[in-house]
Amino acid sequence: MLQSQFEHKMISRGLNFPDFDFTKDNLDRICIGLHLGYSEEQLMKEFSISQAQWKKSIDLLYGEGLAKKVEGRYVPTFPVISHEAGQQFYQLSIAIGNDIVSLIKHNANQIQQETFKIPALHNFEFADLSLFIMSDVLLDFVQIDYVEQLFLKSDRPSRNGKNYYYGLLEKHADQQLEPFGIYGNHCVPIGSAYYCAYGNNRYNQPLLPLFSKEQACTLFGPSLSENKAAIPTIIDHIIQSSSGNGSIDSEIRKGLEQLHLWKNGKLMIPVLNNKEYQALHRIANLITADLIRLFEDYRSMLVQAYHASPFAEETSFEEYFIWYYHFLYTYVTDQLIELNVIQLPSSNGLANFILLEP
């Protein structure tokens, strides 16, 4: 397992993140080995590092709040989630996940009604918004803040003055989706906006805001070749088109059609201003109270599972739970897809949207 592929995952805001390269000098691999119970000598031999380098690495991890000493040995302070641990998280998700599925289905009509009160979403079919609304808004992007505030009731772990959750998740080399198929957001600041993509296949394909200039010119036409800001220009065209302040350039439209972001003469990317983004909270809040009650009903089971896990001596229940929650809402999302409550977007299964800064 020391040679398995792991992906680094982090939940943070603003400047709350490590200010060093976690992949350098086998720092991440050392944490994996510590989690597995390898001795200092075994890891030094495995990674061919000297005693001095070992001390330097451990001092850095300790100083950054990513390792601690328990009964004379160092352990990581965050979850290292192996395939086996991931399967245990999924098993733990079934009962409560099925209850959440029922909760969402029960509120489905009201969720749709609130969705179409948002002007930016008026011209969409709900099916085209279903992954964004029924998973991202109800369970992740918006809801997760309420889960932290109302259930966990604690700040994110403080690590060398920074507050963030961290995790290493095992991924099989031949796996196309992200580790364990977990859904998540990738938001990129572009000018006065954030371009976001939500799904569990974000990095197996080029995301529009991360296109190179050459990719942009190939897809959106050679007229962008002289433009040093090709992607911001495309995003600006999308924003202006969504607001009705201008028709979209034909070459850009053709490129969006190839990405399945323009369909049947319509832009398939919601563009939300700050007031409309705040309105998403009203949608999330349709299930927040019941969701928190469910978590409280299952709290003793979840705490028992935490204490029985290898993470109990390494990290807090809160950090354990927040990563478990990602497995839980992924289970719920997959169930809603099977029930056709959620229909995956034709844009490679990703929900794309743009948030405008106030």
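The values are calculated or read from the model by the stated rules, or taken from the named source; none is laboratory data. As the structure is a prediction and not an experimental result, all values here were calculated from the model. Every residue, glycine as well, gets a Cβ built from its backbone with ideal geometry; the counts of neighbours run over all protein chains shown. With ligands, DNA and RNA removed, areas are computed over all heavy atoms of the protein, side chains included. Shrake-Rupley method; radii C 1.70, N 1.55, O 1.52, S 1.80 Å.
Before moving on, here are some points about what is shown:
- Residue within segment 93-101 that is surrounded by fewer than 16 Cβ atoms within 10 Å (Cβ to Cβ), of a type outside the set (Lys, Arg), part of a helix (DSSP H, G or I) and without any contact (Cβ under 8 Å) to a residue 24 or more places away in the chain present: no
- Index of the failed condition, GLU314 passing every other in (1) modelled with pLDDT of 90 or more; (2) within 27 Å of GLN113 (Cβ to Cβ); (3) open to solvent by less than 60 Å² (accessible area, probe 1.4 Å); (4) not basic (Lys, Arg): (2)
- Subset of segment 164-186 (residues that are farther than 24 Å from PRO345 by Cα and either within 17 Å of the chain's Cα centre (by Cα) or open to solvent by less than 10 Å² (accessible area, probe 1.4 Å) (or both)): TYR164, TYR165, TYR166, GLY167, LEU168, LEU169, GLU170, LYS171
- Against the numbered list (1) assigned to a helix (DSSP H, G or I); (2) surrounded by 19 or more Cβ atoms within 10 Å (Cβ to Cβ), GLU41 comes up short only at (2).
- Every pair of residues 6+ apart whose Cβ atoms lie under 8 Å, when the first sits in segment 61-90 and is over 26 Å from GLY161 (Cβ atoms) while the second is in a strand (DSSP E or B): SER82/GLU170; HIS83/GLU170; GLY86/LEU169; GLY86/GLU170; PHE89/ILE81
- Evaluation of ASP19 against (1) farther than 16 Å from THR77 by Cα; (2) over 23 Å from the mean Cα position of the chain (by Cα); (3) of a type in the set (Asp, Glu) (one fails), failing number: (2)
- TYR166 more than 19 Å from PHE78 (Cα to Cα) and either aromatic (Phe, Trp, Tyr) or touching a residue at least 60 places away in the same chain (Cβ under 8 Å) (or both): no
- Within segment 187-229, the residues that satisfy the criterion of being free of Cβ contacts under 8 Å to residues at least 12 places away in the same chain and under 25 Å from LEU344 (Cβ atoms) are PRO206, GLN215.
For (1) under 25 Å from the mean Cα position of the chain (by Cα); (2) of a type in the set (A, V, I, L, M, F, W, C); (3) over 30 Å from ILE342 (Cβ atoms), each residue gets a yes or a no:
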position	(1), (2), (3)
ASN26	yes, no, yes
GLY37	no, no, yes
LEU43	no, yes, yes
ALA85	yes, yes, no
PHE89	yes, yes, no
LEU92	yes, yes, no
ALA95	yes, yes, no
ASP99	yes, no, no
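- Number of residues in segment 317-347 that are of a type in the set (S, T, N, Q), farther than 13 Å from ASP136 by Cβ and crowded, with 18+ Cβ neighbours inside 10 Å equals 2.
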